[in-house]
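The values are calculated or read from the model by the stated rules, or taken from the named source; none is laboratory data. All values derive from a computational prediction rather than experimental measurement. Virtual Cβ from ideal backbone geometry, glycine too; neighbours counted across all protein chains shown. Ligands, DNA and RNA are excluded from the accessible area calculation, which covers all protein heavy atoms including side chains. Shrake-Rupley method; radii C 1.70, N 1.55, O 1.52, S 1.80 Å.
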Amino acid sequence: KAAAETLVLFGATGDLAQRMLLPSLCALDADGLLHEQLRIVCTARSEMDDAAFRNLAREAIGKFLPEPRRGDVEAFLGRLTYQALDATTPEGYHALADKVRQDGNGDVAIFLSTAPSLFEATIKGLADCGLNGNGARIGLEKPLGHDLASSRDINDAVAAAFPEERVFRIDHYLGKETVQNLIALRFGNIMFEPLWNAQHIEHVQITVGETVGLESRAEFYDQTGALRDMVQNHMLQLLALVAMELPVTFDAGAVRDEKVKVLRALRPVAAGESVTGQYRGGASSGKIVPGYDEELGKDSDTETFVAIKAHVDNWRWKGVPFYLRTGKRMPERVTEIVIQFRPVPHSIFAGAKLKANRLVIGIQPEEDVTLTLMAKVPGLGQGMALREIPLDISMPDALSGLERRMAYERLLLDLIHGDQTLFVRRDEVEAQWAWIDRIRSRWHEEGLTPKTYSAGNWGPSAAIALAERDGVSWHE
Ligand code: BG6
């Protein structure tokens, strides 16, 4: 596919663009990864000229991109132009189209990092002025709706203007190097795959803990909650990558075919298999922080924590629970996947306690892969004393000297080049929502409201009980 000649960024003055998108593009440019002709047309509602927007971008890069990665910032800023646009009225789109065509007639890549409530109007505006023509592709930032019905509405509106091969739905977790490494570990080595099934794996844990609270998006978060903010997208993508069958090739069609099969095989969550929580004030990361209601300024039933015991109903995963948990104001920021293997079927070491092997894949902030093994304790005592030891690989050490890229660097580059492998296909998003909607309606039917937990803890005690009932403890 031809690389896009113009990148159009909607929501260019917004938080994501300032913190991630512009710094990522600048970093790509610094490494010579943006082709020479690429122009970046930035749009947002505020009136300003190119110079004023470049100042804003310069500031954002100064703040959010470490100095050694910046390269020639002025040369990068020279690629940027600005067009004020009210997404809900048609006029702006024609001015935008003129600007884009001024720069040439090559393919256009469009990235919508605006409120999803503007998606439908924006797509219509783009279609009306013909900016969806030729090889134009469109990137959509999450959230893609708030349930299956609303996500279908968005997807239908998108489909009316852009064929699916040109729709790039973002889940920024797929842009993380460490998440891609999961695929490399599973399918680039022979030793995991034969053991990667119900016969050898007892359970899987996926944790995404965050120490932050509401940050600056109280209203959005309160309407969303942890289930829709984190589980529907990031955690289900991680689960799909852990559970999927071997794709025939590493390309968009094959990888996404395998992921969607997993998402469709998710069993509806039964009563008692999910726990929700909301944080109260407490000590978190060394300081005293207010509770959710206080931060929000009103009472609310929105969950800031969720734990779920999930099941993938297929041959490979029969009877293997997937314990998922995510929350705000957890004791630490950590994303990790734990593969708990089964014990050896029979121990020949009388008296020695054998612990089953465990593989822990650290996604962030530590990128390490740890496999626990049983080893002989040195010494001359009678019999054999064994102890669990870690085989620990720190990815930054093992791959030292190689730059870890921000998720959006990968994703923006792939959008520009038209590679969909790390983007979410319509059927995936809809399978994700279908599963999430059933969980929410169950909560509703059961009148389930979040249990409280003090900030700085791993959720309410019921979340610990959810795993402990099965004799499982959450990995610390
Ligand atoms: C976003 C959520 O999608 O992911 C945020 O909306 C969350 O609430 C963020 O904080 C976490 O991303 P990361 O990359 O910091 O793990």
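Quick notes on this structure:
- Largest to smallest in accessible area, the residues THR449, THR122, THR89 fall in the order THR449, THR89, THR122 (1.4 Å probe, all protein chains included).
- With an a/c value of 1.5 or above and a/b not larger than b/c for the gyration tensor axes a ≥ b ≥ c computed over the alpha-carbon atoms, region 162-260 is described as oblate.
- Environment charge of ALA352, counting only residues whose C-beta is closer than 15 Å and scoring Lys/Arg +1, Asp/Glu -1: +3
- Between 0 and 90 degrees, the angle of helix 426-446 with respect to the longest Cα principal axis of the chain falls at about 60 degrees.
- Scoring 373-381, 33-41 by mean Cβ neighbours within 10 Å over their residues and listing the highest first yields 33-41, 373-381.
- Scaled against 2.2 N^0.38 Å for its residue count N, the alpha carbon radius of gyration of region 328-376 is 1.52.
- The chain: relative contact order as a whole-number percent, Cα under 8 Å and 6+ apart: 18
- For region 6-132: rounded, prolate or oblate by the Cα gyration tensor [a/c cutoff 1.5]: prolate
- Crossing angle, helix 119-128 versus the chain [Cα axis fit, 0-90 degrees, rounded to tens]: 40
- Ordering MET230, MET406 by accessible surface, largest first, gives MET406, MET230; the 1.4 Å probe counts only protein heavy atoms, with every chain in place.
- Rg/Rg_globular for region 348-476, with Rg_globular taken as 2.2 N^0.38 Å and Rg from C-alpha atoms: 1.61
- Full-extension gain in nm, VAL377 to ASP156, via 0.36 nm per residue minus C-alpha separation: 73.4 nm
- Computed lengthening from ASP257 to ALA434, 0.36 nm per intervening residue step minus Cα-Cα distance: 62.0 nm
- Under-5 Å amide H pairs with LYS451, H placed in peptide plane, nonlocal only: THR276, GLY277, GLN278
- For GluC sites (Glu not before Pro), the sites in region 372-416 that DSSP calls loop and that have at most 14 other Cβ atoms within 10 Å are GLU403.
- The mean accessible area for residues of the chain, using a 1.4 Å probe and ignoring ligands and nucleic acids, is 44 Å² per residue.
- In the chain, the convex hull through the Cα atoms has an average projected area of 24.9 nm², a quarter of its surface area.
- Scalar couplings 3J(HN,Hα) for region 230-240, obtained by applying the Karplus form with A = 6.51, B = -1.76, C = 1.60 to θ = phi - 60°, are 10, 6, 3, 10, 4, 6, 5, 5, 4, 4, 5 Hz; x denotes Gly and Pro.
- Apportionment of accessible area to carbon and sulfur, region 357-476, percent (1.4 Å): 51
- Positive-pole candidate from MET230, THR370, ALA4, dipole of the chain, charges at beta carbon: THR370
- Qualifying trypsin sites (Lys or Arg not before Pro) in region 158-240, where qualification requires a DSSP coil assignment and no more than 13 other C-beta atoms within 10 Å, comprise ARG217.
- Applying both filters, DSSP loop and at most 10 other Cβ atoms within 10 Å, to the GluC sites (Glu not before Pro) of region 39-130 gives GLU47.
- Portion, in percent, of the accessible area of region 29-86 that falls on carbon or sulfur, probe 1.4 Å: 47
- Length added when fully stretched, ARG217-HIS444, from 0.36 nm per residue minus Cα-Cα: 79.3 nm
- ARG54, ARG137, ARG152, reordered so the largest accessible area comes first (probe 1.4 Å): ARG152, ARG54, ARG137
- Percent of beta bridges antiparallel (DSSP, the chain, rounded to nearest 5): 55
- The chain - mean residue ellipticity at 222 nm from DSSP helices (-39,500 (n - 2.57) per run, n ≥ 4, rounded to 500): -9500 deg cm²/dmol
- Sequentially through region 17-26, phi angles give Karplus couplings (6.51, -1.76, 1.60; θ = phi - 60°) of 4, 6, 7, 10, 5, 5, x, 5, 5, 5 Hz, Gly and Pro residues having no value and appearing as x.
- Hz values of 3J(HN,Hα) by residue in region 146-157 - Karplus curve (6.51, -1.76, 1.60), Gly and Pro given as x: 10, 6, 4, 5, 6, 6, 5, 4, 5, 4, 5, 4
- Around the amide H of VAL8, modelled in the peptide plane, lie the amide H atoms of VAL41, ALA109, ILE110, PHE111, all under 5 Å away and 5 or more residues distant in sequence or on another chain.
- According to the calculation over all Cα-Cα pairs in region 56-108, the P(r) per 5 Å bin from zero is 4, 15, 20, 16, 16, 15, 11, 3, 0 %.
- With a cut-off of 12 Å between beta carbons, the residues surrounding ASP397 carry a summed charge of -4, where Lys and Arg count +1 and Asp and Glu -1.
- Accessible area (Å², 1.4 Å probe, nearest 10) - GLU367: 40
- Sequence-distant lysines (8 or more away, or on other chains) whose Cα lies within less than 26 Å of LYS318: LYS259, LYS261, LYS309, LYS355
- Separation in nanometres of the label points that stand 7 Å from Cα toward Cβ, at LEU185 and ASP49: 5.3
- The angle between the Cα long axis of helix 177-188 and the main principal axis of the chain comes to about 60°, on a 0 to 90 degree scale.
- Surrounding net charge for ARG186, when Lys and Arg each add one and Asp and Glu each subtract one, Cβ distance under 14 Å: -1
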